[in-house]
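The values are calculated or read from the model by the stated rules, or taken from the named source; none is laboratory data. Fair warning: this is a prediction, and the values are worked out from it, not measured in the lab. Don't worry about glycine lacking a Cβ; one is built from the backbone with ideal geometry, like all the others, and counts go over all protein chains shown.
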Amino acid sequence: MDSTEKERVVDRFPRKPDQLLAVLIALQDNNPQNYLSEEDLDLAARHVNVTKARVYGVTGYYSMLSTVPRGRHILRVCRSPVCRMVGGDAVESVLVEQLKVDPGGTTADRAVTLEHTECLGRCHQAPIIMIDATVHGPVDGKKATELAGRLQQGERS
Ligand code: FES
């Protein structure tokens, strides 16, 4: 995405400080590497008229925002107690083995980044995983294999 396209993305939002998070999410969502570059952070700060320090504060606080390049898809495993108690650890092991990536890492083909997340508020469906913006649960080993397989297949087609 070039600078003009990025300007177009941020221009959808009012030039108000309370729009900072929304602007950052939009910029990240429009980045094929799923992250916010220094240029993105500068653009967001200018657009909503806040300091760069405030932008760093927001990016540091929200785990869904990244300032390092990630895969085209983000796969998050809930690591909060309810999910872990009902099989979340086993689900993560299946994903690590199938995708050949450790939590925090990105697959060699840059298709998937595996991350941890705190409770997603769907404990009644635990264990939960989230692929991009879609929450899946309950997920057992078989379902995790199927979902990861679909991600890998989608990348190949
Ligand atoms: S503990 Fe995983 S969704 Fe709440």
Flag for Ser80 being among the small types (Gly, Ala, Ser), in contact with a Cys (Cβ under 7 Å, 6 or more places away or on another chain) and closer than 30 Å to His124 by Cα: yes
Of residues in the stretch 68-82 being among the hydrophobic types (A, V, I, L, M, F, W, C) and surrounded by fewer than 19 Cβ atoms within 10 Å (Cβ to Cβ), the one farthest from the ligand (Cβ to nearest atom): Val68
Would it be correct to say that Cys119 is buried (at least 18 other Cβ atoms within 10 Å of the Cβ), in the same structural domain as Asp140 (by TED's automatic domain parsing) and farther than 18 Å from Leu151 by Cβ? no
Inspect the stretch 52-67 for any residue being within 16 Å of the ligand (Cβ to nearest atom) and either aromatic (Phe, Trp, Tyr) or closer than 29 Å to Gly141 by Cα (or both) and give the result as yes or no. yes
All but one of (1) closer than 15 Å to Asp29 by Cα; (2) at pLDDT 95 or above; (3) out of contact with any Lys or Arg (no Cβ under 8 Å at 6 or more places or on another chain) hold for Val77; state the number of the condition that does not hold. (1)
Every residue in the stretch 43-64 that is closer than 26 Å to Asp109 by Cα and crowded, with 19+ Cβ neighbours inside 10 Å, please. Thr59
Please enumerate the residues belonging to the stretch 83-107 that are charged (D, E, K, R) and more than 8 Å from the ligand (Cβ to nearest atom). Asp89, Glu92, Glu97, Lys100, Asp102
Just to confirm my filter: which helices (runs of 4 or more DSSP H) fall fully inside the stretch 1-102 and include at least 2 residues that are among the charged types (D, E, K, R) and free of Cβ contacts under 8 Å to residues at least 24 places away in the same chain? 38-48, 89-99
